[in-house]
Amino acid sequence: MPTRPPASARPSNALTSAALRQQVWAANVGLPRAGLVTMHSGNASGIDRARRQILIKPSGVDYDRLRPQELVTVDLDGRVRAGKMKPSVDLPHHLYIYRHCPEVGGIIHTHSNYATAFALLGQPIPAYLTAIADEFGGEIPCLPYLDNIGDHIGEAIVAALHAAAAQGRTPPPALLLGHHGAFAFGPTPKAAFKAAVMLEDVAKTCHLALTLGSPEALPAAEVKKWHDRYRFGYGQTRPGRSAALAGLRLGLGGKQAAMGGAREVAKLARRVKGAGRS
Ligand SMILES: [Zn+2]
């Protein structure tokens, strides 16, 4: 069994192996408790960057029966390194995001009802609320419908995060997938879980407001004011290290980066649309 690398070899947001396993397990079993999943429709993972391994939920296992030691250990090429069960079928999307976003330490995927209602309509959630400005730093994007073949979902998510960064905003810690659900990210699995919970909470409030009237998004300057205070002044964490991916670095390849995030999203959308007709 490999030994744990020295603390100095681990990135600043790295967890010990035991803490990572605990957080990934807690995020998974927390999904039904937070009302974010029905039956098995969601999963959580976390990465040990020093060992280049991720821990992810096994496929089709009841959350209330999941034990921490049953999480599946997979390397960044998708090979199972430990665990007796098959990993989540969403593993390729998790892997792609980890490979291309070095600051992501945890990922959550759900079909949570209120967020997915917006996703079904292909509607992003504008920054209607101060809570959206705080946690998400702006509109919560909605990607076009994507099939689950290869890296289509991972590519589109990474491109959307890059597009947000190219626009000068903090990459949102969650986004919507058209006709599908939501992905949330964070420096740790715990932070990703918080983003998934907050996404569903603001989606519910916005849904209720939209049944009552026509809300308007906050002005961009107000969004920035709230988001900056949240990033740098909220809670007991170090400045700038809130649950959001404040300093997300996007390890995009040369071609992808050169194209620019927004154009990449548009290209992916066209490709997916075309593929859907064939
Ligand atoms: Zn799904």
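For the structure I just gave you, tell me whether residue 193 is crowded, with 24+ Cβ neighbours inside 10 Å, within 16 Å of the ligand (Cβ to nearest atom) and over 15 Å from residue 113 (Cβ atoms). Here the answer is no, as residue 193 does not meet what is asked. Taking residue 181, is it over 23 Å from residue 211 (Cβ atoms), buried (at least 17 other Cβ atoms within 10 Å of the Cβ) and touching a residue at least 60 places away in the same chain (Cβ under 8 Å)? When the stated conditions are applied, residue 181 does not pass them. In the set (1) farther than 15 Å from residue 137 by Cα; (2) more than 16 Å from the ligand (Cβ to nearest atom), residue 177 fails one condition alone, (2). Assess whether residue 95 counts as being in contact (Cβ under 8 Å) with a residue 40 or more places away in the chain and within 15 Å of residue 31 (Cα to Cα). No: the conditions fail for residue 95. I want to confirm something. Restricting to the range 39-80 and keeping residues that are of a type in the set (A, V, I, L, M, F, W, C) and not in a strand (DSSP E or B), which single residue is farthest from the ligand (Cβ to nearest atom)? Among residues in the range 39-80 that are of a type in the set (A, V, I, L, M, F, W, C) and not in a strand (DSSP E or B), the one farthest from the ligand (Cβ to nearest atom) is 50.
Residues of the range 16-38 that are in a loop (DSSP other than H, G, I, E, B) and out of contact with any Asp or Glu (no Cβ under 8 Å at 6 or more places or on another chain): 16, 37, 38.
Of everything listed in (1) away from the ligand (no atom under 16 Å from the Cβ); (2) of a type outside the set (Val, Ile, Thr); (3) closer than 30 Å to residue 78 by Cα; (4) crowded, with 18+ Cβ neighbours inside 10 Å, the single unmet condition for residue 137 is (3).
Looking only at the range 77-107, which residues are among the hydrophobic types (A, V, I, L, M, F, W, C) and more than 17 Å from residue 185 (Cα to Cα)? Residues satisfying the conditions are 80, 82, 85, 89. Of all the residues in the range 103-126, those that are more than 16 Å from the ligand (Cβ to nearest atom) and either of a type in the set (Lys, Arg) or part of a helix (DSSP H, G or I) (or both) number 0. When restricted to residues that are more than 16 Å from the ligand (Cβ to nearest atom) and either closer than 16 Å to residue 98 by Cα or at pLDDT 90 or above (or both), the range 165-174 contains 3.
Filter the range 156-171 down to residues that are touching a residue at least 60 places away in the same chain (Cβ under 8 Å) and not in a helix (DSSP H, G or I) and give me whichever is surrounded by the fewest Cβ atoms within 10 Å (Cβ to Cβ). The qualifying residue surrounded by the fewest Cβ atoms within 10 Å (Cβ to Cβ) is 167. A Cβ distance below 7 Å, combined with a sequence gap of six or more or placement on separate chains, defines the contacts here; from the range 127-155, residues that are in a helix (DSSP H, G or I) reach residues that are within 13 Å of the ligand (Cβ to nearest atom) and not hydroxyl-bearing (Ser, Thr, Tyr) in the pairs 152/146; 153/93; 153/146; 153/177; 154/92; 154/93. Which residues, taken from the range 30-50, are at negative phi and surrounded by fewer than 19 Cβ atoms within 10 Å (Cβ to Cβ)? Selection gives 32, 33, 34, 38, 40, 41, 50. Which of the residues belonging to the range 63-74 are at pLDDT 95 or above and either of a type in the set (Val, Ile, Thr) or out of contact with any helix residue (DSSP H, G or I) (no Cβ under 9 Å at 6 or more places or on another chain) (or both)? 72, 73, 74 - these are the residues of the range 63-74 that are at pLDDT 95 or above and either of a type in the set (Val, Ile, Thr) or out of contact with any helix residue (DSSP H, G or I) (no Cβ under 9 Å at 6 or more places or on another chain) (or both). Applying the criterion of being of a type in the set (A, V, I, L, M, F, W, C) and within 16 Å of the ligand (Cβ to nearest atom) to the residues of the range 140-154, the residue that is farthest from residue 214 (Cα to Cα) is 149. Could you go through the range 89-102 and let me know if any residue there is surrounded by 18 or more Cβ atoms within 10 Å (Cβ to Cβ) and outside any helix (DSSP H, G or I). Yes, that holds for at least one residue. On inspection, residue 210 fails the criterion of being within 16 Å of the ligand (Cβ to nearest atom), part of a helix (DSSP H, G or I) and out of contact with any Leu (no Cβ under 8 Å at 6 or more places or on another chain).
The values are calculated or read from the model by the stated rules, or taken from the named source; none is laboratory data. Predicted model only: the values in this text are computed from it and were never measured. Note: ideal-geometry Cβ built from the backbone for every residue, glycine included; neighbour counts use all protein chains shown.
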